[in-house]
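Asks: My structure is below; once you've seen it, I'll send some questions.
The values are calculated or read from the model by the stated rules, or taken from the named source; none is laboratory data. All figures in this text were calculated on a predicted structure; none of them were measured in a lab. All Cβ positions, even for glycine, are placed from backbone atoms using ideal geometry, and neighbour counts span all protein chains on display.
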Amino acid sequence: MSIRRIRIFLILIVVVLGSAVQGCSGYRIDIQQGNVLEDDDLARLKVGMSKEQVMFVLGSPLLTDPFHQSRWDYVHMFTEGSTGITTRRHVMLEFEGDTLARIEVGDEQALDPRSPPDATHNSNAGG
């Protein structure tokens, strides 16, 4: 084989491999985690409801703290595959006995992995 044919062959291999690698990483799926928290469902929650009624509306809580059994946390996270932006929503419910006493709905937060961290928006803060 001549040097020219070897160069063409190597260029062809690089182009084919480059296309294959690019094709493997081009599509990312949407990822949904936790409890789906629809505004309509949250509007149905009322102070005074029983735990069973709350579970009927929202389902089982994502987090139950063994040290604070009167607190239920519902968390929903959705990561859009094409952008990587994660939307997070947190709802905290407190019970007195079997009765819903307090509802705390945090603002929906959009977390963009491409932007630098902002010290004013700590993701570990309640909400």
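Asks: Taking the criterion of being in contact with a strand residue (DSSP E or B) (Cβ under 9 Å, 6 or more places away or on another chain), among the charged types (D, E, K, R) and at pLDDT 90 or above, would at least one residue in segment 79-93 satisfy it?
Replies: From segment 79-93, those in contact with a strand residue (DSSP E or B) (Cβ under 9 Å, 6 or more places away or on another chain) are 79-81, 85-93; that's our starting set.
Then keep just the ones that are among the charged types (D, E, K, R); that gives 80, 88-89.
Keeping just the survivors that are at pLDDT 90 or above gives 88-89.
Yes, there is a match, as at least one residue in segment 79-93 is in contact with a strand residue (DSSP E or B) (Cβ under 9 Å, 6 or more places away or on another chain), among the charged types (D, E, K, R) and at pLDDT 90 or above.
Asks: Go through segment 1-35 and report how many residues are touching a helix residue (DSSP H, G or I) at 6+ places or on another chain (Cβ under 9 Å) and at pLDDT 85 or above. Even if it seems obvious, please write down each step before you answer.
Replies: Within segment 1-35, the subset touching a helix residue (DSSP H, G or I) at 6+ places or on another chain (Cβ under 9 Å) is 1, 35.
Applying the additional criterion that residues be at pLDDT 85 or above yields 35.
So the count comes out to 1.
Asks: Separate question: Picking from GLY59, GLY84, GLY97, GLY34, which residue would you name as being at positive phi and exposed (fewer than 10 other Cβ atoms within 10 Å of the Cβ)?
Replies: Details: GLY59 fails: exposed (fewer than 10 other Cβ atoms within 10 Å of the Cβ); GLY84 fails: exposed (fewer than 10 other Cβ atoms within 10 Å of the Cβ); GLY34 fails: exposed (fewer than 10 other Cβ atoms within 10 Å of the Cβ).
Only one candidate qualifies: GLY97.
Asks: For ALA110, are the conditions met, namely being part of a strand (DSSP E or B), over 23 Å from SER50 (Cα atoms) and at pLDDT below 90? Quick ask: steps written out before the conclusion?
Replies: Details: part of a strand (DSSP E or B): yes; over 23 Å from SER50 (Cα atoms): yes; at pLDDT below 90: yes.
Spelling it out, ALA110 is indeed part of a strand (DSSP E or B), over 23 Å from SER50 (Cα atoms) and at pLDDT below 90.
Asks: Kindly provide the set of residues from segment 89-112 that are closer than 11 Å to ARG71 by Cβ and small (Gly, Ala, Ser), ordered by number.
Replies: ALA101
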